[in-house]
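First up is the structure itself, then whatever we jot down about it.
The values are calculated or read from the model by the stated rules, or taken from the named source; none is laboratory data. As the structure is a prediction and not an experimental result, all values here were calculated from the model. In this analysis, Cβ positions are derived from the backbone assuming ideal geometry, glycine residues included, and neighbour counts consider all displayed protein chains. Accessible surface is based on the protein model in full, side chains and every heavy atom, while ligands, DNA and RNA are left aside. Shrake-Rupley method; radii C 1.70, N 1.55, O 1.52, S 1.80 Å.
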Amino acid sequence: IIQPDDRQPGWRSRSKLALYDLATGTTQPLTFGYHNVGLLDISRDSRYLLYMVSRTRLSKRPTTLSSIHRLDLNTMKTECLVDSDGFIASACFSPDGKTIAVKGSPESLGGIGMNLPKGRTPNMYDYQLYTVDCLTHKATALTRDFNPSIESVQWSTYDGNIYFTALDRDLRSLFRLNPKTGKISRINVPEDYVGGVGLANRAPVLCCNGQSATNIDRLYQVNTANGKTTL
């Protein structure tokens, strides 16, 4: 037993990525090793994979470290975009594949999202949103002064904006962020708690479900250009 979790059956099982060809029925391994690998996103042109590798470190906080890698399926070369960060949760590609949006706590990416007094430890589950340039690896904090905690994140192919849900006490609201200007605006949906969100690729349309104190899930279509909502 190297760590306490080794007492759990199957704890030493590891996930990996493989490419399955539907035409030929052949499977090509893409990753290997003794660390867990999880797929984060696929670029719009299907050339790049974005995946995360996690490992444990029980000697100090944080006890789990994760790295984000980009795999070029044309050359099979892998590039590490974020290395051994214990405070990142997920990431996705921009429409052109040149930037990634990263969700993480205020301490992630060197602490550029922190706005607390020096010496005070922020909440690890107060998720913020960042971008990382795939060429220069430069990270930018987008929601440093935005209070609600980031939940799900999607980058729109149609208008280039980032759409995300954020948790603020008992409310889970829908927001739009312009990555060029940093402007954040709330999208009015007639429910207190927004659930899943799906974006159209070729139209200013999204669908989302939500619920409130008086009803269970309802499905809505939202025009992102004029804000019109249809049940």
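Put simply, of 172, 186 the only residue that is surrounded by 14 or more Cβ atoms within 10 Å (Cβ to Cβ), at pLDDT 95 or above and among the charged types (D, E, K, R) is 172. What residue, among those in segment 194-214 that are in contact (Cβ under 8 Å) with a residue 12 or more places away in the chain and over 20 Å from residue 157 (Cα atoms), is surrounded by the fewest Cβ atoms within 10 Å (Cβ to Cβ)? Once the filter is applied, the top-ranked residue is 213. Screening segment 178-231 for strands (runs of 3 or more DSSP E) wholly inside it with 3 or more residues that are touching a Ser or Thr at 6+ places or on another chain (Cβ under 9 Å) and over 14 Å from residue 163 (Cα atoms) returns the ranges 215-223.
When segment 36-61 is filtered for residues that are out of contact with any strand residue (DSSP E or B) (no Cβ under 9 Å at 6 or more places or on another chain) and either farther than 28 Å from residue 3 by Cβ or open to solvent by less than 50 Å² (accessible area, probe 1.4 Å) (or both), the ones remaining, listed by number, are 45, 46.
Being open to solvent by 20 Å² or more (accessible area, probe 1.4 Å) and within 26 Å of residue 157 (Cα to Cα) is the filter here; which residues of segment 62-73 pass it? Within segment 62-73, 69, 70, 73 meet the criteria. Taking first residues from segment 114-125 that are within 19 Å of residue 148 (Cα to Cα) and partners that are open to solvent by 80 Å² or more (accessible area, probe 1.4 Å) and assigned to a loop (DSSP other than H, G, I, E, B), the Cβ contacts under 6 Å between residues at least 6 apart in sequence or on separate chains come to 115/144. Scanning segment 78-99 for residues that are out of contact with any Ser or Thr (no Cβ under 7 Å at 6 or more places or on another chain) and under 26 Å from residue 122 (Cβ atoms) yields 81, 89, 90, 91, 92.
Search segment 74-90 for residues being over 15 Å from residue 43 (Cα atoms) and among the acidic types (Asp, Glu), and hand back the single one that is surrounded by the most Cβ atoms within 10 Å (Cβ to Cβ). Checking each candidate, the answer is 85. Within the set 35, 69, the sole residue that is within 28 Å of residue 201 (Cα to Cα) and free of Cβ contacts under 8 Å to residues at least 24 places away in the same chain turns out to be 69. If you check 111, 25, 97, 33, which single one turns out to be at positive phi, modelled with pLDDT under 95 and open to solvent by less than 80 Å² (accessible area, probe 1.4 Å)? The unique qualifying residue is 33. Could you say whether any residue in segment 144-154 is aliphatic (A, V, I, L, M), surrounded by 14 or more Cβ atoms within 10 Å (Cβ to Cβ) and assigned to a loop (DSSP other than H, G, I, E, B)? No - not one qualifying residue is present in segment 144-154.
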